[in-house]
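Following this message is one structure expressed as structure tokens.
What follows draws every value from the coordinates through simple rules; no lab data is involved. No experiment lies behind these values; they were computed from the predicted model shown. Positions of Cβ are backbone-derived with ideal geometry, glycine not excepted, and every protein chain shown enters the neighbour counts.
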Amino acid sequence: MSRSYYRIMLGAKSAYAKQCHEEKWFGGGWRIAQSLEGERTDNWREFNAKFLPIYLQANPEKSRVAAGLACGMLYTICWGIAQGDIVLCPDGEGSYWIGRVASDYYYVAGKDLPHRRRVEWLPEKFSRAAMTEALKRSTGSIGTVSNITPHAEEIERFIGGSAPPAVVANDPTIEDAATFALEKHLEHFLVQNWAGTELGRGYNIFTEEGEIVGQQFPTDTGPIDILALSKDGKTLLVVELKRGRASDVVVGQVQRYMGYVIEELAEQHQTVRGCIIALEDDLKLKRALKAAPNIDFYRYQVNFKLFRGDG
């Protein structure tokens with residue numbers, strides 16, 4: 001039976017990591033000071049519709065974007081994570097505890113991180129330095145909850161006691177390994193260099209308390225690669241990254257994400273735009289974009305050069 005894998009932050013800067021490990025649980029709070037027993041819904045969007053106003057009442061300084069993110073993470077901790085799933089929790093000192101989720105949701109009134117799940121921790125933790133760069137980026141993402149299931153194979157090697165290889169290249173269809181490696185990390189590179197791009201002149205990746213939360217922003221139809229906010233605060237921008245050539249199918253994908261942002265996140269004074277970034281386009285995409293004036297298209301270039309060090 002397949003299982004999922006999550007990185008869970010145990011309080012700001014892992015403040016509750018030691019307590020959670022000793023008492024064998026993990027959890028979250030978000031100032032929702034009531035039991036959620038009986039509040040489970042078929043999907044987190046229905047949960048958000050009910051609890052987003054409650055969150056904003058408890059956190060009036062927060063935006064609807066922050067509220068949507070918080071309620072989505074709370075739903076994941078309570079019900080999205082199944083018994084038997086694996087959680088990785090940083091200890092605040094450069095290492096991670098790995099555990100298997102061992103209970104359903106329960107509530108502990110009057111305590112920190114009151115929305116909890118029991119967990120069976122492995123006897124040993126492992127160092128972040130032993131991770132591949134891809135897993136480091138995923139576990140280093142902002143937010144309390146991060147789904148890192150794409151790295152299941154590497155995590156299972158840690159569970160089994162063997163470190164993963166530093167580089168894995170086993171796809172015979174890849175003709176240009178250098179270009180593939182650079183494109184694979186396109187999103188990370190764009191986020192790290194956002195301020196120097198054309199989009200960065202007019203938009204900032206959405207942040208909360210100084211930390212980026214607009215990367216892989218969750219929606220009910222999948223994660224938005226990048227959610228950005230115009231510098232004047234009037235426009236939300238949905239950015240979709242495509243490695244290689246983009247087809248006209250991506251227009252509908254971006255529009256679905258935009259629809260979510262319009263309905264669930266945007267304030268009354270805000271508009272929503274979309275942006276597709278790809279290596280190249282085709283005639284079908286160009287035709288589709290003619291009928292979608294609120295979606296822009298940008299090309300990226302991958303350059304990899306070596307220079308002889310002759311002094």
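Taking Cα centroids, how far is the range 63-86 from the range 253-280 in Å?
21 Å
Looking at the range 74-160, what % of the alpha carbon pairs are farther apart than 18 Å?
Percent of Cα pairs beyond 18 Å in the range 74-160: 46.
Give me the distance between the Cα centres of the range 96-110 and the range 203-233, rounded to whole Å.
Going from one Cα centre to the other spans 28 Å.
Among residues other than TYR75 whose Cβ falls under 10 Å from its Cβ, what is the net charge (Lys/Arg +1, Asp/Glu -1)?
That sum, taken over residues with Cβ under 10 Å, equals 0.
Rank GLN301, GLY202, SER4 by how far each Cα sits towards the positive end of the charge dipole of the chain (+1 on Lys, Arg Cβ; -1 on Asp, Glu Cβ) and give me just the farthest.
Selected residue: GLY202.
Residues with beta-carbon under 13 Å from that of HIS115, excluding HIS115: net charge, scoring Lys, Arg +1 and Asp, Glu -1?
+2
Any idea what Rg and Dmax come out to for the range 177-299 if you just take the C-alpha atoms, in Å?
14.1, 47
Are any of the pairs LYS62/LYS111; LYS62/LYS136; LYS24/LYS125 more than 26 Å apart by Cα-Cα distance, and if so, which?
Among LYS62/LYS111; LYS62/LYS136; LYS24/LYS125, the Cα-Cα distance tops 26 Å for LYS62/LYS136.
Give the dimensionless ratio obtained when the Cα radius of gyration of the range 187-249 is divided by 2.2 N^0.38 Å.
1.13
With springs only between Cα atoms under 10 Å apart, run a GNM on the chain and tell me which of THR221, THR271, THR139 wobbles the most.
Maximum among the listed residues: THR221.
Still on this structure: As I understand it, the dipole of the chain uses +1 on the Cβ of Lys and Arg and -1 on the Cβ of Asp and Glu, about the Cα centre. Which of GLN255, ALA134, GLN268 lies farthest toward its positive end?
Looking along the dipole axis, the top candidate is GLN268.
Across the range 177-299, how many lysine pairs, 8 or more apart or on two chains, come within less than 28 Å at their alpha-carbon atoms?
Final tally of qualifying lysine pairs is 11.
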